Amino acid sequence: MNSAPSPSPQDVAALRLRVVVADDDPVARRLLSTTLEPLGHDVVETPDGEQAWLAFEHASTAVVITDWELPGSGGQGLIHRIRSTPRPRYTYIIVVTAMRGRSEYVTVVDGGADDLLLKPFDQRELLARLHVASRIAALTTQVQQLERLLPVCAYCHRIRDEQGGWHGLESFLESRTGAQVSHGLCPGCYQTIRRMQLGEA
């Protein structure tokens with residue numbers, strides 16, 4: 001059985017991802033940047049978890065590549081902050097580490113990461129991971145968007161919440177957004193009601 005071919009640099013370049021790199025080793029950061037930037041990716045280098053978090057918050061980020069052993073709260077702390085913050089777009093997280101073994105992989109994935117890349121990393125392997133990251137992030141984003149669709153009754157137009165309760169449109173909006181709902185008549189309803197009042201309907 002033939003294995004699927006690895007994505008070419010041209011395939012990965014077409015993805016145009018924003019990537020935040022978090023590593024306290026400047027050589028490792030530079031190596032990742034020089035691998036990704038020629039392919040057209042927007043790479044932001046950061047030396048610790050706090051600066052990586054600020055870069056992540058600054059703009060929509062497709063991929064975060066982080067060392068597990070970062071200064072401060074470490075890579076696990078950074079991942080926890082990212083996963084605890086709802087975003088309209090899913091962020092794929094790759095941990096780059098010298099740790100080896102199945103237990104380390106399980107630890108990283110259980111910590112909220114999507115994948116693990118061993119140091120020293122292979123360039124082709126990194127490009128393949130980014131190709132996977134782009135596909136999974138796009139699919140996960142679509143699922144999240146579908147989950148945010150409001151279930152509305154086709155007859156009474158009441159809205160179902162996450163617990164299965166049904167609410168009127170006004171009360172639902174006020175409880176979720178704090179917005180005050182005012183009432184009026186659209187032109188179509190105005191004409192219908194006016195005709196009914198005149199006995200024309």
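In this structure, is T34 in contact with a helix residue (DSSP H, G or I) (Cβ under 9 Å, 6 or more places away or on another chain) and of a type in the set (S, T, N, Q)?
Taking the combined requirement at face value, the residue does not satisfy it.
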Which residue out of R30, R89 is under 13 Å from L17 (Cα atoms), touching a residue at least 12 places away in the same chain (Cβ under 8 Å) and basic (K, R)? R89
Answer yes if at least one residue in the range 109-122 is in a helix (DSSP H, G or I), under 21 Å from the mean Cα position of the chain (by Cα) and modelled with pLDDT of 85 or more, and no otherwise. yes
Take the range 52-84 and flag every residue that is under 12 Å from the mean Cα position of the chain (by Cα), assigned to a loop (DSSP other than H, G, I, E, B) and in contact (Cβ under 8 Å) with a residue 24 or more places away in the chain. A59, S60, T61, A62
Here the residues within the range 1-31 that are modelled with pLDDT of 80 or more and in contact with a helix residue (DSSP H, G or I) (Cβ under 7 Å, 6 or more places away or on another chain) are L17, V19, V20, V21, A22, D23
Surrounded by 14 or more Cβ atoms within 10 Å (Cβ to Cβ), over 16 Å from the mean Cα position of the chain (by Cα) and assigned to a strand (DSSP E or B) - does that describe any residue in the range 124-147? no
Please work out if D67 is surrounded by fewer than 21 Cβ atoms within 10 Å (Cβ to Cβ) and among the acidic types (D, E). no
So which residues in the range 152-172 are outside any loop (DSSP other than H, G, I, E, B) and hydrophobic (A, V, I, L, M, F, W, C)? V152, I159, W166, L169, F172
Hey, R100 hits all of (1) modelled with pLDDT under 80; (2) farther than 22 Å from L31 by Cα; (3) of a type in the set (K, R) but one; which does it fall short on? (2)
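The values are calculated or read from the model by the stated rules, or taken from the named source; none is laboratory data. Since this is a predicted model, take the numbers as computed values, not measurements. Backbone-built Cβ (ideal geometry, glycine too); neighbour counts: all protein chains shown.
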